[in-house]
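The values are calculated or read from the model by the stated rules, or taken from the named source; none is laboratory data. None of the values given here were measured: they were computed from a predicted structure. Reconstructed Cβ throughout: ideal geometry from the backbone, glycine too, with neighbour counts over all protein chains shown.
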Protein chains: 4
Amino acid sequence: MRRENLIRVSILGATGYSGGELLRLLLKDKGVKIQHLTSESSPGSSVDSVHPALRGMLTHRFESLNVPLIAKDSDLVFSCYPAGAGISPNARFVKAGVKVIDLSADFRLPSAQLYKKWYKLPHTAPALLKKAVYGLPEYFRSQIAEASLIANPGCYATAALLAALPLVNKGVIDPHSLIIDAKSGVSGAGKKLTLPYMFGEVDENFQAYAIASHRHQPEMEQIIRRVAKTSATVTFSPHLVPMNRGILSVLYATLKKPLSLRDIRSLYLRAYEGEPFVRILPEGELPQTKNVAYSNYCDIGITADPRTKRVIVLSAIDNLVKGAAGQAIQNMNICFHRPEREGLV
Amino acid sequence: MRRENLIRVSILGATGYSGGELLRLLLKDKGVKIQHLTSESSPGSSVDSVHPALRGMLTHRFESLNVPLIAKDSDLVFSCYPAGAGISPNARFVKAGVKVIDLSADFRLPSAQLYKKWYKLPHTAPALLKKAVYGLPEYFRSQIAEASLIANPGCYATAALLAALPLVNKGVIDPHSLIIDAKSGVSGAGKKLTLPYMFGEVDENFQAYAIASHRHQPEMEQIIRRVAKTSATVTFSPHLVPMNRGILSVLYATLKKPLSLRDIRSLYLRAYEGEPFVRILPEGELPQTKNVAYSNYCDIGITADPRTKRVIVLSAIDNLVKGAAGQAIQNMNICFHRPEREGLV
Amino acid sequence: MRRENLIRVSILGATGYSGGELLRLLLKDKGVKIQHLTSESSPGSSVDSVHPALRGMLTHRFESLNVPLIAKDSDLVFSCYPAGAGISPNARFVKAGVKVIDLSADFRLPSAQLYKKWYKLPHTAPALLKKAVYGLPEYFRSQIAEASLIANPGCYATAALLAALPLVNKGVIDPHSLIIDAKSGVSGAGKKLTLPYMFGEVDENFQAYAIASHRHQPEMEQIIRRVAKTSATVTFSPHLVPMNRGILSVLYATLKKPLSLRDIRSLYLRAYEGEPFVRILPEGELPQTKNVAYSNYCDIGITADPRTKRVIVLSAIDNLVKGAAGQAIQNMNICFHRPEREGLV
Amino acid sequence: MRRENLIRVSILGATGYSGGELLRLLLKDKGVKIQHLTSESSPGSSVDSVHPALRGMLTHRFESLNVPLIAKDSDLVFSCYPAGAGISPNARFVKAGVKVIDLSADFRLPSAQLYKKWYKLPHTAPALLKKAVYGLPEYFRSQIAEASLIANPGCYATAALLAALPLVNKGVIDPHSLIIDAKSGVSGAGKKLTLPYMFGEVDENFQAYAIASHRHQPEMEQIIRRVAKTSATVTFSPHLVPMNRGILSVLYATLKKPLSLRDIRSLYLRAYEGEPFVRILPEGELPQTKNVAYSNYCDIGITADPRTKRVIVLSAIDNLVKGAAGQAIQNMNICFHRPEREGLV
């Protein structure tokens, strides 16, 4: 690729785990040029000092946010700000014609009211909510290709939706029977300095949190409704696994009428035929988080409990890759008409 | 306590994790005298060589099984043999008037047919199945006190049943809506030398196994039927957590009619009032495995999802203590009319 | 034991890991009565809320420090304050005739100057430094029995000194050839809320810190000088292991003249003959931290490299037990003329 | 790169950790074509079934070793056989003009006698020992470029030698004062199915093994002698860290005459100037294994203890990358005159 064809990207809020993962992946990508990296907490400091694994691989320093400068220098910004902080700057980037892939939840929900309810924040750019495209390529690929603002899905939502949508779409399950019992490595919580994420609290421990009250629950429900055009309620239970990376999501749903495991499996095989990053496992195999670690794959395993008419679908992703930075790059590839696996395999 | 009042105990198959945990607990118990420790794989070897943490704490050597000798010297045997291996010797111990607490599954199911179906082994003492008492003190205390043969419950079954039985007993949930999504540390699998339990396979990995086909599923269903006198079907999904000890079990069930969280909670508070080893957590708190590690407690946290009429009950135990050796000692205490917390707190 | 013979103890700064470990151990000790638990950060809160594993085991609430009240009610205080905070109150307890076992470093070094140099704090009770006894029972047992103030040794120092002192004492090694390369679980750092101790930073990571500049280095040197009456310099390198508990210390030293492994071993066997908590491993065996986890044992393994005239001595302890709370209780037992293993095995 | 310019490679013994890591790296390398993958244990099985993370990325099946076929189809073979098994086939590949990079220890030591002493195996191709080049690019780059047989260094030896050689080369330390205290993640042991590598034995445990008797000790000594042209003795102590990947090696050596830290550091800066994969950390920083995980970097941190005239040099690598597969690819790049970072960054 000629130098003038490089995609010029900047990362907002690049000191956290998502920003670090984007850098890890983009540094291997010969079609991308990294322009600006912003940090509100440590402007001026070197990338090394925050991401020591990247020492010697790039010479950038973190900068304060300067929208006009970054807009001039970038074709695309990845926004990794915490909830709320990126709404206004991202609106300005969109206005300036810069593509935005927002890794936060700011543009995932369909209305300012719902956003306020779950994130306890006013939404300062409600008009953009309609314009934003939900960045799950397997379901919104053509819209992503045209989007100016992409809401990159939540990590739990990615794993759960890839498991749920083939079933709901085909109307084979009761959409109110959905239970998602998901387990995540600790990096999913970001680099927060709080007691529950200290090594001494997490190591050799397993716990649930935010049962039926996690912010990815309304995100899942909205997308199910949008895609499958049916109402749905999800009981979502997240858990914290003593490991760094990986989500295993287990979906339970009740079949409307009996279906063989073979039939359920072929439904998934068709739904994801040709998808570059979804792997339907052979019958009898179950996904493991280590098999998708550091990759953009989602592994899906399908089982059934005929006695109870339940289908049980397991999906595994790396929460920092398919659940964040990798999916963001997949979306970038779609936006810029590159092969979808570019920079990801 | 005078020396002649000591309970004389022997442990069959004492080289595994359950045997080691029994030794750890019994060595602190001044009311117990450890007599014989058997091992088919390493008779003659010192306890140190197998359980190096116990070095200097006892001078026993592992012996081959000698039923008459052990029967003469013991008031009680703890049987930690793998499935099938202890049926005949334990039948002989019972006949000889020695109390048996069997930590295997050999006497947990109600019939030889069911045992054969799930354990792929003929049951050589089917008559004893009727005599055996299921060693879950919270529900079978008075029978345990009189029993000659106690089937110590499975680790998953212990956690799941303590969560499920108050609901099923009171008839407030649909007994066919039960889903148990349980997560266990690796010691639950015993000291098996197989690839899936190598450090390299388990560390930084999370996976499910034996979905809707685990042997503790029929055990749970049988006990629910027996206690609640109602049929019930359970979808049981076990998982492997990259840690050594601990089970977190998450139960999902649909309420027959709406009940407030307060009402559900008081149902549990009454069910376990006065129980020495069940702790109902305050509203809003969820159990964590590390809070019950190395202890015989079961912590229970109760939540509800009113939108879906579901109740979600979480229970945490140490799989080697309340899920095996500790519960066995609790059963011994009941049999020998000692305070139930003796040797356990 | 009659109630009036109970040792009445209080714990200052009881919310941290050492305080929690003291509580875990003391709650099993029928000869001890827990009186007051102080916390400057969370007075008034329940023990449950800070140490949820102890729920239901005691009903105390954390209190602000009230020296006269605690002095009246206690025979002994365990002081778990961070460096500096306990100097003045402990001086007052000593004056009031209450025995003090200080788990901090405040009274371990021989002079206020040295304390200031390493801890960057003025020492407000320098006179007491002379009166304080270093609480390593294997070397100071008779002084501990008479002491009013016991400086409980540092965790690294305990492991290193138990390995080093037999060699230095007998003059068989060059006392300036000592290198201690020690590795500790994360609980050794206490409950500090800092980025380096977050799960995401420690998990799947191994690192050294404070090479040749850790505060336990002068502590080790002082005690070697005091016990062996020889000057000695130690190069001490601590490391952080991705686990919660345990220290493995590896000592390298050069023999003054050739000695067989057998001779070196017998030197250790004699040095620790009859010691209740030191286990010299058989030739060819090396200590592992898991074999001493949750126990007050120190396991010592001895090897030699005849080609280089080096002796290599490995010692393993649980940093929270023999390295803190367990050793404090061992010291309490000595002070109050109880069997030394009481409450510890 | 045009298709006809692809380097055609095959991997012998490709089912283990090194083979899997080679595949992970080579699959991203557009300049390489993977031809044959051999396995003696599972010929015929798919790569997926052994390395499930690679599902969908290649369609090869494991084959039995067929030297003529592989020689015809390959420019280079990576040999990942266990000690001894690859000697004869590799001799045949060399004879057939195929470059061999041997990841085993078979060609690392200079004589058949020494090989026999440490590996307890006869060496069936002693003449080739002289022809083999030790594949540490930082010291043998020009010979590697011409070699027909490259002995890829041991993981511990790589980390230790990169730390030791600048000091020994410049003659600033006593070459008999070298102590290497190294700590490795568990993957270093390979996929051996033995009790010490079970999760239950490694997790929350830390231990040393093979003190002063590990096979990488003579490897280190030989290379030090060869490079620095001085005799040297190393006391080498390996340890097992409860994590999967990474080695931290800590070197202790006594300076012949005093040198400032600045002088020592500049010695390293000069030694590794321009090296693509060695990063000398800024003064005051110490390497951590997680900063080199999944990368071919070796991070080196330098400290000194002027009181004892010791220099302490820490080096961190990923044992599967710079310690095995990555270094093998670096060697391949040198052999085939590709940029050295190709396929590695």
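Okay, here's what the table says:
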{"read-out": "Residue that is more than 13 Å from chain C (Cβ to nearest Cβ) and crowded, with 16+ Cβ neighbours inside 10 Å, where the choices are B:Ser39, B:Ser64", "value": "B:Ser39"}
{"read-out": "Unique residue being under 30 Å from D:Ala96 (Cα atoms) and assigned by TED's automatic domain parsing to the domain that holds D:Ser249 when the list is D:Gly190, D:Gly171", "value": "D:Gly190"}
{"read-out": "A:Ile150 being touching a strand residue (DSSP E or B) at 6+ places or on another chain (Cβ under 8 Å) and away from chain B (no Cβ under 12 Å)", "value": "yes"}
{"read-out": "Close pairs from the stretch B:97-119: first closer than 15 Å to B:Gly154 by Cβ, partner buried (at least 21 other Cβ atoms within 10 Å of the Cβ) and β-branched (Val, Ile, Thr), Cβ under 7 Å, at least 6 apart", "value": "B:Ile101/B:Ile150; B:Asp102/B:Ile150; B:Asp106/B:Ile87"}
{"read-out": "Odd one out for A:Gly326 among (1) facing chain B (nearest Cβ under 10 Å); (2) more than 18 Å from D:Asp48 (Cβ to Cβ); (3) touching a Leu at 6+ places or on another chain (Cβ under 7 Å)", "value": "(1)"}
{"read-out": "Matching residues, the stretch C:192-235, being among the small types (Gly, Ala, Ser) and in contact with a Ser or Thr (Cβ under 7 Å, 6 or more places away or on another chain)", "value": "C:Gly200, C:Ala208, C:Ala212"}
{"read-out": "Strands (runs of 3 or more DSSP E) contained entirely in the stretch D:203-299, each with at least 1 residues that are among the polar types (S, T, N, Q) and more than 7 Å from chain C (Cβ to nearest Cβ)", "value": "D:247-254"}
{"read-out": "A:Val47 buried (at least 23 other Cβ atoms within 10 Å of the Cβ), within 14 Å of chain D (Cβ to nearest Cβ) and under 15 Å from A:Leu23 (Cα atoms)", "value": "yes"}
{"read-out": "Selection from the stretch D:217-269 of residues that are closer than 14 Å to D:Thr303 by Cβ, surrounded by 19 or more Cβ atoms within 10 Å (Cβ to Cβ) and among the small types (Gly, Ala, Ser)", "value": "D:Ser249, D:Ala253"}
{"read-out": "Scan of the stretch A:173-202 for residues that are more than 14 Å from chain C (Cβ to nearest Cβ) and hydroxyl-bearing (Ser, Thr, Tyr), ordered by number", "value": "A:Ser177"}
{"read-out": "Positions within the stretch C:307-323 being within 10 Å of chain D (Cβ to nearest Cβ) and assigned to a loop (DSSP other than H, G, I, E, B), in sequence order", "value": "C:Lys309"}
{"read-out": "Given (1) crowded, with 23+ Cβ neighbours inside 10 Å; (2) within 8 Å of another protein chain (Cβ to nearest Cβ), number of the condition A:Asn331 does not satisfy", "value": "(2)"}
{"read-out": "The stretch D:8-36 - residue that is away from every other protein chain (no Cβ under 12 Å) and among the polar types (S, T, N, Q) and, of those, farthest from the chain's Cα centre (by Cα)", "value": "D:Gln35"}
{"read-out": "A:Ala304 being within 14 Å of chain B (Cβ to nearest Cβ), crowded, with 22+ Cβ neighbours inside 10 Å and assigned to a loop (DSSP other than H, G, I, E, B)", "value": "no"}
